[in-house]
Amino acid sequence: MQEYKLFLNGEWSDSSTGETFEDINPATLETIGVFQKASLEDVLSAVDCAKDAFESWSTTPAPQRGKILFCAARMLEERKEKLARLMTIENGKILKEARGDVQEAIDMAYYAAGEGRRLLGETTPSELPDKFCMTLHRPMGVVGLITPFNFPMAIPAWKIMPALISGNTLVIKPSSDTPILAIELVKILSYAGVPRGVINLVTGEGGKVGAALVRNKDIRAISFTGSLDNGRWILSEAGKDMKRVSLEMGGKNPVIVMDDADLDLAVDGVLWGAFGTAGQRCTAASRVIVHEKKLAEFQRKLIERAKGLKIGSGLDESVDMGPLINAPQIDKVEKYVNIGKEEGARLALGGNRTKPLAGYFFEPTIFSDVTADMKIAQEEIFGPVLSLISTESLDGAIDIANSVAYGLSASIYTENIKNAFLAIEQIDTGITYVNAPTIGAEIHLPFGGVKATGNGTREAGTTAIDEFTDLKTVYFDYSGRLQKAQIDT
Ligand code: UN1
């Protein structure tokens, strides 16, 4: 059994208490690795290492930092297939998606590396003569990154790459369900030349190890992707020290299908959006709001296609959907299926566990006759469960779309430009797709949501730099005399 270590100051080390935990393959339930349960002491030492490394890394010219990230990007590319297989074994997602996850990390590495030659500030005229005004991005210090299981390499990369190019040093704590890919990413960054101490990795329970990062006074920013409850706690706890907090939490992402939509295209999109990654994406489609005139036809086509989805090991290239991540997750999905039945929704497809292998498999599940206020249409399930809701009009559909606590991603299928623009304007989400599923964000655009999905920050795109830098405004007066803004003008 392979044993994985903590990464502290450029070295792989055991937890100070010697305690470990295991990680299983969710398709087969076989143990695939042993990991360190970091102690509070280990977390302190990780933060101390990052603190010591800050001065040298933050004063390394950003294009030089970029060079290291370019090298890491190429190494990731060379290892893409191997990493993707490892991910399918650890996370369960099918190979095609695992390759996409690694590709997202590669894209982010190249993109952030290029930022090394930008990190653009602004220049703007002064209201006074012989005075120059500009802004520049400054590194923050040590940042703490806490990542979820569902994108085991992409999400760590979304956070690590921008944090590094901005000149920060960091401690990352990956999900205990999928630490291997984060460990592989850190290994690659270290081979690529990230100096010792700049990047540190701790594994263990969120409530202990993650919480210790959130509470550590030497950490200037926390970037977290995960559940709403944990995000709420992090925001209030880190707020006590005035830390920067970036949160990406849940979604209850709607797809609106209008009566003028290309129905086959919409069926394709909904299938991919709802059942890709077995529904375990923050961006997964969990509600389809269909115009009543097309509901029967759409439902028939969707169910027919969903019936054909093959469930099994993600390593089998003919499989469409792998397992859920762990026992609590499949219990949660089952609980929501029961709630849906009790609420009076009609179970139109699936609804059961299934056992192509020993692991946590659940059928693609579709509820029809769902009303917008039912729990299954309001709460995030994070599994392959989809609710079909009928609407009479676009206005009605948008009201339903906006009736949930979350606001991450949404989509509309329509051939009518006016409908599309109204949806773009009126749906309360951070991301809106037209004639495409709710999933599939690209790394060079801002990613994040409104309402309970986050606290207004955006990962990826140029906004990733805002997440990890402080902005300094500079006034440079070369007039040689005292000039008073607002008064001498
Ligand atoms: C997530 O589910 O937390 O747009 C991230 C997408 C992916 C990222 C999802 N590129 O679905």
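Using R₀ = 35 Å, calculate the FRET efficiency as 1/(1 + (r/R₀)^6) where r is the Cβ-Cβ separation of Glu415 and Asp316; round to 0.05. Don't skip to the end; give the middle numbers.
Numbers: r = 37 Å, r/R0 = 1.06.
E(calc), rounded to 0.05, equals 0.40.
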The aspartates and glutamates whose Cα lies under 18 Å from the Cα of Lys243, excluding any fewer than 8 residues away in the same chain, are Asp48, Asp218, Glu459, Asp466, Glu467, Asp470
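So which of Lys341/Lys375; Lys80/Lys173; Lys37/Lys208 end up more than 19 Å apart, counting from Cα to Cα? Walk me through the intermediate numbers first.
Values: Lys341/Lys375 11 Å; Lys80/Lys173 22 Å; Lys37/Lys208 10 Å.
Distance filter (> 19 Å) returns Lys80/Lys173.
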Quick one: the Cα spread of the range 253-434 along its three principal axes, in angstroms, biggest first?
49, 32, 30
Per residue and in cubic angstrom, what volume does the convex hull of the Cα atoms of the chain have?
158 Å³
Could you work out how far apart the two model spin labels at Arg118 and Gln2 are, taking each label as a point 7 Å from the Cα in the direction of the beta carbon, and quote it in nm?
3.4 nm
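Give the carbon-plus-sulfur fraction of the accessible surface of the chain in %, rounded to a whole number; probe 1.4 Å, heavy atoms of protein chains only. Walk me through the numbers before you get to the answer.
On the way: 9910 of 19620 Å².
Summing carbon and sulfur atoms, their accessible area is 51 percent of the total for the chain.
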Can you tell me the length gained on complete extension of the stretch Thr17 to Leu445, counting 0.36 nm per residue apart and subtracting the Cα distance?
149.8 nm
Pair Glu77, Gln64: separation of 7 Å Cα→Cβ label points (nm)
2.5 nm
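Per the helix-only calculation at 222 nm, which mean residue ellipticity applies to the chain, given -39500 (n - 2.57) for every DSSP H run of n ≥ 4 and division by its residues, nearest 500 deg cm²/dmol? Write down the numbers at each step before the final one.
Details: 14 runs with 181 residues, N = 489.
Rounded to the nearest 500, the figure is -11500 deg cm²/dmol.
Compute the signed sum of charges (Lys and Arg +1, Asp and Glu -1) over the other residues within less than 10 Å, Cβ to Cβ, of Ala192.
Neighbour charge sum, excluding Ala192 itself: +3.
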Angle check, please: helix 292-307 long axis (alpha carbons) against the longest principal axis of the chain (alpha carbons), in degrees 0 to 90, nearest 10.
80 degrees
On a straight-distance basis, which lysines could pair with Lys484 in a cross-link, Cα separation under 17 angstrom, same-chain partners fewer than 8 positions away excluded?
Lys131
DSSP-defined antiparallel bridges as percent of all bridges, the range 226-380, nearest 5:
45 percent
Thr462-Phe132 FRET efficiency (beta carbon distance; Förster radius 22 Å; 0.05 resolution)
0.40
Taking the Cα atoms only, what angle lies between the long axis of helix 40-58 and the longest principal axis of the chain, rounded to 10 degrees?
60 degrees
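Report the antiparallel proportion of the DSSP beta bridges in the chain as a percent, rounded to a multiple of 5.
Working: 30 of 71 bridges.
Antiparallel: roughly 40 percent of the beta bridges in the chain.
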List the aspartates and glutamates whose Cα sits under 12 Å from the Cα of Lys472, skipping any in the same chain fewer than 8 residues away.
Glu122
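Could you calculate, for the range 143-245, the ratio of the Cα radius of gyration to the Kirkwood radius, expressed as Rg to Rh?
On the way: Rg = 12.7 Å, Rh = 13.6 Å.
Ratio value, two decimals: 0.94.
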Nearest 10, in degrees from 0 to 90: the angle of helix 228-239 to the longest Cα principal axis of the chain is 20 degrees
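Taking 8 Å as the Cα distance limit and 6 or more residues as the minimum spacing, I'd like the relative contact order of the chain as a percentage.
That works out to 18 percent.
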Please compute the modelled spin-label separation between Val434 and Ser403, points set 7 Å along Cα→Cβ, answer in nm with one decimal.
2.6 nm
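The values are calculated or read from the model by the stated rules, or taken from the named source; none is laboratory data. Just so we're clear, the structure is a prediction, and the values are computed from it rather than from any experiment. No Cβ is skipped: glycine too gets one built from the backbone with ideal geometry, and neighbour counts run over all protein chains shown. The accessibility values were calculated without ligands, DNA or RNA, using every heavy atom of the protein model including side chains. Shrake-Rupley method; radii C 1.70, N 1.55, O 1.52, S 1.80 Å.
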